[in-house]
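Worksheet: one structure, shown below.
The values are calculated or read from the model by the stated rules, or taken from the named source; none is laboratory data. Quick caveat: nothing in here was measured; it's all calculated off a predicted structure. Cβ: placed from backbone, ideal geometry, glycine included. Neighbour counts: every protein chain shown. Ligands, DNA and RNA are stripped out before the accessible areas are found, and what is left, the full protein with its side chains, is counted by its heavy atoms. Shrake-Rupley method; radii C 1.70, N 1.55, O 1.52, S 1.80 Å.
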Amino acid sequence: MTQPSPTKGGATGDRTGRFVTQPNGHVTPLSPHMEVWRWHVTMTASILFRATIIAASVGLVILVGWLGVLAFGPEHYACFLDLAGSPLGLFVGFGLTVVLFSFILNGARHLTNDTGAGLTLKSANLLSNIAVWAPVPLAVLFWVVLFAAGRVSL
Amino acid sequence: MSDAAKFKNNVKVSERHGAGEWATERVALLALIPLGLWLASTAFTLAGASYEVVLAWFANGLNAVLLGLTAVVFFGFASLAWKVIIEDYIHKPGTKAALIAVLNLVCLVLAAASIFFITRLALGSAPLPAGFGA
């Protein structure tokens, strides 16, 4: 890879040293410094969406496994139910509902921002905060209702 | 291919095709949001359900079609999303191409397996491996 080489203003007649010559000959401003930034919730929402897609892929593989045990008959499905009802299975199940709600909310945020909407500081922060935090209470609610209805038990 | 200029001022021109995958990913994501909500309600309905209840659920054609659609659209979306992840972190051309090939194969196999299982469950076929040598 050819690295852009700083030219001390040679190409532009600029003497500030704020411009570099790119490999294709274009002169562009030097990038801001790598370490000068502060944490922002939009960054969390952004990287969390990638993590969510990875986790959702694992979830869908488990879904295909669920389809598989069903297709292989009742005794395999009983095995699956035992596993899903174990503490570890319930923990994974809870995690997958967090991932599902996160996928829906963060996906909606991403699509909204892709259209160019919701990009003012205020709305971007609001959408990111919803996408980052809301999946957890939603998943808790989901499981509280499941337990309360007696559909699932420890 | 076309004789449209591939480079303009030494910059690669990609406006005619470069946005295709990006747009496909968005359309898939747009479809996955309602499908995801439906999947959440399905998970709620079928959590801890007995084998008979689950099979009765699959006997409803709408459920089978929606679940098949969810699986196919998701694995299509996942192949594009993982491709971007691979392209971001793997820079050796050979390794990158090999990983993307494996990725596409895995997504294709998972989507095909989903459709195969869902079809059998929707039709109420005998449990596997019936008719497959056992």
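Peptide packing for A:114-120, A:84-90, B:52-58 was compared via the average number of neighbouring C-beta atoms within 10 Å per residue; ordered from the highest value, the list is B:52-58, A:84-90, A:114-120. For chain B, the longest principal axis of the Cα atoms and the long axis of helix B:20-46 meet at an angle of about 20 degrees. Placing dummy labels 7 Å off each Cα toward the beta-carbon, the span from B:Ser125 to B:Thr24 is 2.8 nm.
In this calculation the C-beta distance from A:Ala78 to B:Val65 is compared with R0 = 25 Å, giving a FRET efficiency of 0.35. Hydrodynamic estimate: the Kirkwood radius of the stretch B:13-123 over Cα pairs, inserted into Stokes-Einstein at 20 °C and 1.002 mPa s, corresponds to D of 135 µm²/s.
Take each residue of peptide B:23-35, count the partner chain Cβ atoms within 10 Å of its Cβ, and average: the result is 3.
Anyone know which of B:Leu110, B:Leu69, B:Leu30 comes out most mobile in the 10 Å Cα GNM of chain B? Maximum among the listed residues: B:Leu30. If you look at the Cα atoms of the protein assembly as shown, you get an Rg and a Dmax of 24.1, 80 Å. Residue by residue along B:55-68, Cβ atoms of other protein chains within 10 Å of the local Cβ number 1 on average. For the peptide B:76-88, the mean number of other protein chain Cβ atoms found within 10 angstrom of a residue's Cβ is 2. Percent of Cα pairs in the stretch A:41-148 per distance bin of 5 Å, from zero to the largest separation: 2, 12, 18, 19, 16, 13, 9, 6, 4, 2, 0. Taking the longest Cα principal axis of chain A as reference, the axis of helix A:87-114 is set at about 40 degrees. Look at the alpha carbon pairs under 8 Å that are at least 6 residues apart: their mean separation over the length of chain A gives a relative contact order of 20 percent. Look at the alpha carbon pairs under 8 Å that are at least 6 residues apart: their mean separation over the length of chain B gives a relative contact order of 28 percent. Rolling a 1.4 Å probe over the heavy atoms of the protein chains gives chain B an accessible area of 59 Å² per residue. With a simple spin-label model that places each label point 7 Å from the Cα along the Cα-to-Cβ direction, the separation between A:Val145 and A:Leu88 comes to 3.0 nm.
For the protein assembly as shown, the number of Lys pairs with C-alpha atoms closer than 28 Å, counting only pairs eight or more positions apart or on separate chains, is 13. Modelled spin-label separation between A:Gln22 and A:Thr44, with each label point placed 7 Å from Cα along the Cα-to-Cβ direction: 3.4 nm.
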